[in-house]
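Accompanying notes for the structure given below.
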Amino acid sequence: MVTNINYNHLYYFWQVSRCGGIAAASKVLHLTPQTISAQISQLEQRLGKPLFIRQGRGMHLTEFGQITQQYANDMFAIAEEWLETTQGDLSHLSKTLKVGISDVLPKSLVSKWLAPLIDNERISNLHCIDGQQDELLAQMATHKLDLVLADKPLDNSLPFKAFCHEIGKSQLAFFGNKEWHQQLSPNFPSSLHNQPVVLPAKGSPVSRAIYYWLQELDIEISVAGHVDDSALMKALGEQGFGIFPAPILVKAEIERHYDVHFIGTIDNAFQHYYAFTPDRLIKDSIYSEFVKHAQMNQ
């Protein structure tokens, strides 16, 4: 069993692996390349395995080096979290809260969810970042985000731990431009037969629920396309490519922004909304308070 690891040496290794080489890391660490090289060699001797393969002036991580880097990422991220959390007067902690927001979420819902965080005296700054759900979760895994809001449940295959909280849901309905509204609304849902519909990704929970509902009603549609970007799906609906599903909860916002109209409700089909919080050593009640408020005010 390896004991008594020099964590300064591990830190030097970590910086070299992040910077891509000893020369670049020496500028970050303010040490000579010779010193860093010697320290890493000592670490390799202590561990009994090489961390790098040296090819000319280049350095590449060995398989053992890649594993070590992953553990070092977690260790030093936790150390940074600890320092951020324990700085200053612990009885009056104030922090910057970094929230990742899936770019498909309706902004009216997001603003309602985030309102308590804006008014929270323990939060000095609320930093919001838009992006795709997978990218945001990856940032949360490396401690770059504290909270992620999205419309899909957590993928169990992800290589990191996070908690998934359902904070709301909305029944779905079909929307379309003025022409489709006039044509399909009177005899909905039978009027959908053979009509073009723009749907989310084929394997998504929303698409599966809609297909099941149509099958129960013995209605066949013409799929105008599967689009995973909800904003693009609405834009295509506005242009008349077909009708599209969207949450009733944001009906007014959709009709106002895209010049479309409500056509009819889809039974037993819902859009769910989630908040993902990190599995951190230091628990913060801000997260549980946020989830509780969002669930109570959906």
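The values are calculated or read from the model by the stated rules, or taken from the named source; none is laboratory data. All of these numbers come straight from a predicted model, not from anything done at the bench. For neighbour counting, all protein chains shown are included, and Cβ atoms are generated from backbone atoms with ideal geometry for every residue, glycine included. Note: accessible area is taken over every heavy atom of the protein model, side chains too, but ligands, DNA and RNA are not part of it. Shrake-Rupley method; radii C 1.70, N 1.55, O 1.52, S 1.80 Å.
Considering only Ala246, Asn120, Gly264, the residue lying farthest towards the positive end of the dipole of the chain is Asn120, judged by Cα position with unit charges set on Cβ.
Taking every DSSP beta bridge that has both ends in the chain, the antiparallel portion is near 60%. A simple spin-label model places pseudo-atoms 7 Å from Cα toward Cβ; at Glu255 and Ile118 they are separated by 2.5 nm.
Measuring nothing but alpha carbons in segment 221-297 and taking Rh as the Kirkwood radius, the Rg to Rh ratio lands at 1.12. Normalising the average separation of contacting C-alpha pairs (under 8 angstrom, six or more residues apart) by the number of residues puts the relative contact order of segment 89-247 at 23 percent.
Consider the candidate values (1) 21.6; (2) 18.1; (3) 22.8; state which one is Kirkwood radius over Cα pairs in Å computed from the structure displayed. Read-out taken from this structure: (3). The mean sequence separation of alpha-carbon pairs under 8 Å and at least six residues apart, normalised by the residue count of segment 94-152, gives a relative contact order of 55 percent.
Taking 4 °C and 1.567 mPa s as conditions, segment 205-265 diffuses translationally at an estimated 104 µm²/s according to Stokes-Einstein applied to its Kirkwood radius (Cα pairs). Springs between Cα atoms under 10 Å define the GNM used for the chain, and in it the highest mean-square fluctuation of Lys49, Lys144, Lys98 occurs at Lys49. Expressed as a whole percent, the accessible surface of the chain that belongs to carbon and sulfur atoms is 51, based on a 1.4 Å probe.
Taking 0.36 nm per residue of separation and subtracting the Cα-Cα distance, full extension of the segment from Thr96 to Tyr211 would add 37.1 nm. For Val206, the solvent-accessible surface computed with a 1.4 Å probe is close to 20 Å², ligands and nucleic acids excluded.
Given charges of +1 on the Cβ of Lys and Arg and -1 on the Cβ of Asp and Glu, with all other atoms neutral, how large is the dipole of segment 215-282 about its Cα centre, in debye to the nearest 20?
Working: 4 positive and 11 negative charges, 66 e Å.
Charge dipole, segment 215-282, about its Cα centre: 320 debye, nearest 20.
May I ask what percent, to the nearest 5, of DSSP beta bridges between residues of segment 118-263 are antiparallel? Walk me through the numbers on the way to the answer.
Values: 6 of 11 bridges.
Percentage antiparallel, nearest 5: 55.
Tell me, what is the per residue accessible area of the chain in Å², probe radius 1.4 Å?
56
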